[in-house]
Amino acid sequence: MLRQLLPKMLHCRNRFKTDNLSVTDWVSHPQICRAAELLAQQAVVAYPTESVWGLGCDPWSAPAVEKILQLKKRNVDKGLILIADCMERFEPFLAGLEEQHLRRFREPTAKPTTWLVPNNGSAPLWITGGRDTLALRVTQHPVAAALCKLVGGPLVSTSANPQGLPAAVSASEVASYFGATIDLKVPGSVGSSAKPSEIRYLISGDVVREG
């Protein structure tokens, strides 16, 4: 189902902060392209985000999501964040929202922000955890954004760490946590954000976690 969003790629724009990672054409990088191929085959990959390393997969793949939950020892009812390189990737999940709320989602933020949007039933249960909201973020990290662009849709994004341990901030920490149990660890490094993304309710604007 990720491929159904592929025609929308032309409507997406590179609106993420590049920092010192902009020197690399990540969309054409062989390992990023390989990661995108594996993601289409229900793989789990590790990749850098704005502040920590994350584990990702196709959100429509129940086996891949189950593998991530097992690796992290995380309960499915906690739900998972989805990231994309542009708002258009989230179109099915945003259906039914009023224009003022779509405008809030669309506006650039000073810090990486994950929005809790009303669950309209478009996302699978293993992503929402049965909650009445769905967590979505347009990523500002060029490597993560390149992965989303290549697969043509959103990806699961959850911190690369077993539950209760600090999130990995380097590739070596990812390796120490998971070794060869993940299918691929892409190149790159985390962005300049000192904290994980801020989490806010889209409708009210209330902050759940400060970034």
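Each reported figure results from applying straightforward, stated rules to the coordinates on display, with no laboratory input. Only a predicted model underlies this, so the values are computations on that prediction, with no experimental measurement involved. We place every Cβ from the backbone using ideal geometry, glycine too, and count neighbours over all the protein chains shown.
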Arranged by the count of other C-beta atoms within 10 angstrom, fewest first, what order do 86, 57 take? 86, 57
Hey, for a label at residue 209 modelled as a point 7 Å past Cα toward Cβ, could you say which residues of the stretch 80-118 have their backbone N under 14 Å away? 80-83, 112-116
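Rounded if a/c is under 1.5, else prolate if a/b is larger than b/c, else oblate: which is the chain, with a ≥ b ≥ c the root eigenvalues of its Cα gyration tensor?
Cα axes put the chain in the rounded bin.
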quick note, the stretch 106-211, DSSP beta bridge pairs, % antiparallel (nearest 5) is 60
I want to verify a result. In a Gaussian network model of the chain, Cα cutoff 10 Å, which of these has the top mean-square fluctuation: 39, 136, 165? 165
Quick note on 50, 210, 173, ordering by fewest other C-beta atoms within 10 Å, gives 210, 173, 50
Taking only C-alpha pairs under 8 Å that are 6+ residues apart, what is the relative contact order of the stretch 63-210 in percent? 32
Total charge dipole magnitude, the stretch 2-209, about the Cα centre, Cβ charges on Lys, Arg, Asp, Glu only, Debye to nearest 20: 160
My understanding is that a pair violates if its Cα-Cα distance is over 22 Å; which of 67/195; 111/185; 149/185; 73/185; 149/195 do that in this structure? 67/195; 111/185; 149/195
Sorted from fewest to most neighbouring beta carbons within 10 Å, what does the list 58, 77, 132 look like? 132, 77, 58
